[in-house]
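Below: the structure, in structure tokens.
What follows draws every value from the coordinates through simple rules; no lab data is involved. Being a predicted model, the structure only gives us computed values, none of them experimental. All Cβ positions, glycine included, derive from the backbone under ideal geometry; neighbour counts span all protein chains shown.
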Amino acid sequence: MKDDSHKLYYNINEAAARYGFDASKLRYWESVFPMLKPEKRGGDRIYTLADLEILDEIVYLVEHKKHKLSAARQIMESDRSQRSKIKRAIQQLEVVKRYLQDVKELLK
């Protein structure tokens, strides 16, 4: 098997093969997990590295932790909400940091 670790985009069959299942499972998961939205080019699904990271989480929760799909979806939605809050907090802290740097420069 060739090394595809450098690829940026994967078709649905390549993405499914990475996890050892067929494309129909991915198509179904797209309907269950709204955060899994591969691009479509010419009618073909194209999975990015970000999509594969989402799939990694889904596979971990469903296949390894044995959560039902509905529970895995709730966990992932909760995690996304937390990440969003953290991202906003970081952005606010960056604004404060720039302000303090400006004040520091004025005091020199």
Notebook entry, point to check: Is the range 58-71 home to any residue that is assigned to a helix (DSSP H, G or I), free of Cβ contacts under 8 Å to residues at least 60 places away in the same chain, surrounded by 15 or more Cβ atoms within 10 Å (Cβ to Cβ) and charged (D, E, K, R)?
Noted result: no
Margin query: Quick check on the range 86-98. Is at least one of its residues under 21 Å from Asn11 (Cβ atoms) and either in a helix (DSSP H, G or I) or within 18 Å of the chain's Cα centre (by Cα) (or both)?
Written below: no
Next item on the list: Only residues that are surrounded by fewer than 10 Cβ atoms within 10 Å (Cβ to Cβ), of a type in the set (S, T, N, Q) and outside any helix (DSSP H, G or I): list them for the range 2-42, please.
Entry: Ser5
